[in-house]
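One structure is given below, encoded as structure tokens.
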Amino acid sequence: MDIIRVEGGHALAGAVHVSGAKNSALKLMAATLLAPGVTTLTNVPNISDVHVMGKVLKRMGATIEVVDEHSLAIDTSAVDSWEAPYELVAKMRASTAVMGPLLGRFGCAKIAMPGGCNLGARKIDMHILGLEALGVEFDTDHGYIHASAPQGLSGTTVTLEFASVGATENLIMASVRAEGTTVIDNAAREPEIVDLANMLNEMGARITGAGTPVVQIEGVDELHPVTHRVIGDRIEAGTFIVAGALAAGPEGIEVTGFSPAHLGMVLKKFELMGIDVERTDEGVRVHRARGIRPVDIQTLPFPGFPTDMQAQAMVLSALAEGSSVITENIFENRFMFASELVRMGADIRIEGHHAMIHGVDGYSGAQVTSPDLRGGAALAVAGLIAEGYTEVSAIHHIDRGYEHFVEKLCALGAHVERVAVPDPIDD
Ligand code: UD1
């Protein structure tokens, strides 16, 4: 069992380059199923979620060559199984992203039903309703969803009740091979959806409007393999920006490898908090010369404030000179992180989906547990300016989405190490 141990109080300096976007890479890997042949993805992050998606594809008959640490050549010519098994879906819900491409290419898919997870119920009813409108029939037994389109998929207009990222992606990937035109109304607008549509268009799809609430997909007969570069990870970038805002020395730190336009609302809120964010050609330079001002934040679908930055923003707000409210509108159970931050001295009260935060003067290092991916990273970042040592456990959550997290922090001058500790139950 590994933990991350952080010694607080060391100023950060220099630059950090973020990896490719987890949430883009996973969907692009799934989308390779649509184009028989070898698709090469570059700038793929070396993180455990990508390894799980690799296993899902291999179980279906794909082969994956690791060209270098960040490039995968995925050959989907011989795919002959259309099942995403329980042990992999239970590890990573995003495995359900194979449903759309499997339906697009083979007209059938068998996907383990994702159970509850630590971010709340996380249903996939909108995926199913949308695919049904395209002609897919669903059946469930023994914990599996069986999807099939005996008559093929036919384009139609699908209006999503909520701009779900996963539902938008599954619908795009299914409808690229449908007969006729599909319109997704109230589509999610996240940059990762634009990246997916761009790769599918390079493969020969006809998608317009990605990045807007109305996406139009004209079905085509076949897609061909391509080489595509994954966009930079805006959430990893945002996490390091918070690290810089908290702990950078007078020169600040530079965060590169992503598009600042993908973090518009986050940077705006951080600037309102008194953080200096200078856009550069490569990313941003961040530092802070004054106390943190309180601001209210509510999470919303893109271009709103991302739920995946909520915990990191709370680490800043909890040190502000005054009170703030953070409202979580996307996921239930995404405040579990707050009670861990309270163990480090924060003053936070949760009421429903609102967190009332009263700024304190500083954090005190403590033993804390990662409740989820972003919460775990946020706790380690809080440790950078905590008095004494912070030990973050359950770091398998962090490994899901942050490549070389400890090494990148160390390169900025932080005193952070990954330590193997004996399981207390074995004592
Ligand atoms: C994706 C991201 C995740 C991010 C989230 C919101 C990946 C792998 N994950 O998750 O990091 O936090 O977008 O930006 O890309 N919902 C339903 N029914 C559905 C679908 C969704 O009720 O059929 C609900 C969910 O329970 C949740 C909300 O809608 O409360 C948002 O979910 P969605 O946008 O679909 O997020 P994901 O695609 O799961």
Problem - Rg and Dmax [Cα atoms of region 230-348; Å; Rg one decimal, Dmax integer] - result: 13.7, 40
Handout entry: Inter-part distance where region 267-315 and region 317-363 are each reduced to a Cα centre, Å
Key = 16 Å
Fill in the blank from the handout: Ranking VAL79, VAL66 from most to least accessible area with a 1.4 Å probe gives VAL66, VAL79
Practice task
Read phi for every residue in region 135-143 and hand back ³J(HN,Hα) as whole Hz from Karplus 6.51 cos²θ - 1.76 cosθ + 1.60, θ = phi - 60°, with x for Gly and Pro.
Solution key: x, 8, 9, 10, 9, 10, 7, 6, x
Handout entry: Virtual spin-label span in nm between ASP125 and ALA411, 7 Å along Cα→Cβ
Key = 4.5 nm
Completion exercise
Taking Cα atoms only, Rg over Rh for the chain with Rh from the Kirkwood formula is 0.98
Exercise for the section: Measure out, as a whole number of angstrom, how far apart the alpha-carbon centroids of region 1-75 and region 375-391 sit. Expected result: 25 Å
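Express in % the proportion of alpha carbon pairs of region 265-408 at distances exceeding 25 Å.
Values: 2482 of 10296 pairs.
Result for the distance tail: 24 percent.
Pulled fully out, how much extra length does the chain show between ASP80 and ARG349, if you take 0.36 nm times their separation in residues and subtract their Cα-Cα distance? Intermediate values should be presented prior to the final figure.
Values: separation 269, 0.36 × 269 = 96.84 nm, distance 5.17 nm.
The span from ASP80 to ARG349 would gain 91.7 nm if fully extended.
Expressed as a rounded percentage, what relative contact order does region 181-227 have, with Cα pairs under 8 Å and six or more residues apart?
On the way: 73 pairs, mean separation 21.1, N = 47.
This gives 45 percent for region 181-227.
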Problem - Inter-label distance, nm, simple model (7 Å from Cα along the C-beta direction), VAL421/SER339 - result: 1.9 nm
Practice task
First measure r as the distance between the Cβ atoms of THR157 and MET113, then evaluate 1/(1 + (r/R0)^6) with R0 = 30 Å and state the FRET efficiency to the nearest 0.05.
Solution key: 0.65
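Do any of LYS27/LYS408; LYS58/LYS123; LYS123/LYS268; LYS91/LYS268 go past 29 Å between their Cα atoms, and which? Present the calculation step by step, with values, prior to reporting the outcome.
Details: LYS27/LYS408 25 Å; LYS58/LYS123 26 Å; LYS123/LYS268 31 Å; LYS91/LYS268 35 Å.
Result: LYS123/LYS268; LYS91/LYS268 exceed 29 Å.
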Handout entry: Environment charge of THR369, counting only residues whose C-beta is closer than 10 Å and scoring Lys/Arg +1, Asp/Glu -1
Key = -1
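Below 8 Å between Cα atoms, with a sequence gap of 6+, how large is the relative contact order for region 297-397 in percent? List each step's numbers first, then the result.
On the way: 202 pairs, mean separation 26.3, N = 101.
Normalised by residue count, the contact order of region 297-397 is 26 percent.
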Practice task
On the protein heavy atoms, probe 1.4 angstrom, tell me the percent of accessible surface of the chain carried by carbon and sulfur.
Solution key: 49 percent
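Only Cα pairs under 8 Å and at least 6 apart count here; give the relative contact order of the chain as a rounded whole percent.
Working: 1050 pairs, mean separation 88.0, N = 427.
So the answer I get is 21 percent.
Name the shape class, rounded, prolate or oblate, that the alpha-carbon gyration tensor gives for region 131-180, where a ≥ b ≥ c are the square roots of its eigenvalues, rounded holds for a/c under 1.5, and otherwise prolate holds if a/b is larger than b/c and oblate otherwise. All intermediate terms of the calculation are to be shown ahead of the outcome.
Values: a/c = 2.07, a/b = 1.17, b/c = 1.77.
Taking the square roots of the gyration eigenvalues as a ≥ b ≥ c, region 131-180 is oblate.
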Fill in the blank from the handout: Straight-line reach check, LYS269, cutoff 20 Å on alpha carbons, 8 or more apart in-chain or any other chain, hits among aspartates and glutamates -> GLU190, ASP233, GLU236, GLU254, GLU278, ASP296, ASP308, GLU321, GLU328
Practice task
Can you tell me how much longer the chain between GLU179 and HIS51 gets when fully stretched, taken as 0.36 nm per residue apart minus their C-alpha distance, in nm with one decimal?
Solution key: 42.7 nm
Handout entry: Average projection area in nm² (convex hull over Cα atoms of region 149-234, one quarter of hull surface)
Key = 5.6 nm²
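The values are calculated or read from the model by the stated rules, or taken from the named source; none is laboratory data. Source: prediction; values computed, not measured. Because the Cβ atoms are built from the backbone with ideal geometry, glycine has one as well, and the counts that use them run over all protein chains shown. Keep in mind that these areas ignore ligands, DNA and RNA; they rest on the heavy atoms of the full protein, side chains included. Shrake-Rupley method; radii C 1.70, N 1.55, O 1.52, S 1.80 Å.
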